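Any read-out appearing in this document is the output of simple, stated calculations on the displayed coordinates, not a laboratory observation. Because the structure is predicted, anything quoted here is derived from the model rather than measured. With ideal geometry, Cβ positions are generated from the backbone for all residues, glycine too; neighbour counts draw on all protein chains shown.
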Amino acid sequence: MVGDGINDAAALASADVGIAMGGDVGAASDVSSVVLMGNRLSQLVDALELSKETMRTVKQNLWWAFMYNIVGLPIAAGALLPVTGTVLTPSIAGALMGFSSVSVMANSLLLRVRLSPRQQPIHHFKTGHKPHNHF
């Protein structure tokens, strides 16, 4: 549901995803999941594109963490010891875990760089609301 005023507040509150337009529109922005700061309907398209890009980034991060653990856990358990004599010391394992965390954070921060100039004014996404479907 997309609304821009007090008369839309009830519908925005009961919607799966309530989107208020116009920034500070009082009750509508209080009950909405997403607040678009401008009055252009094209910002809705920008917000949807941003949400898709965000979900793509989340999936990339999950894939990276999954693959890192699939490869790293057997090595940490000593799977290479009989074959190559290689042992993963705790200090190296800690450094690699830090690298994994930094990689996920860097990929997430790249989302800011990938935003189009039109998407920059999209202000915020409120947390604490009911779970939403992907849009």
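Between ALA10 and GLN60, residue separation times 0.36 nm minus the direct Cα-Cα distance comes to 14.4 nm. For segment 71-88, 3J(HN,Hα) computed residue by residue from phi via the Karplus equation (6.51, -1.76, 1.60; θ = phi - 60°) reads 7, x, 5, x, 5, 5, 7, x, 5, 8, 4, x, 7, 10, x, 7, 10, 8 Hz, glycine and proline entered as x.
Going from the fewest other Cβ atoms within 10 Å to the most, the residues VAL17, VAL34, VAL45, VAL113 appear in the order VAL113, VAL45, VAL17, VAL34.
Backbone amide hydrogens, once placed in the peptide plane, bring GLY18 within less than 5 Å of SER33, VAL34, excluding anything fewer than 5 places away on its chain.
Would you order ARG56, ARG112 from fewest to most other beta-carbon atoms within 10 Å of each residue's own beta-carbon?
So the residues, fewest neighbours to most, are ARG112, ARG56.
Remark: the ALA106-LEU44 segment gains 19.6 nm on full extension, using 0.36 nm per residue and subtracting the alpha carbon distance.
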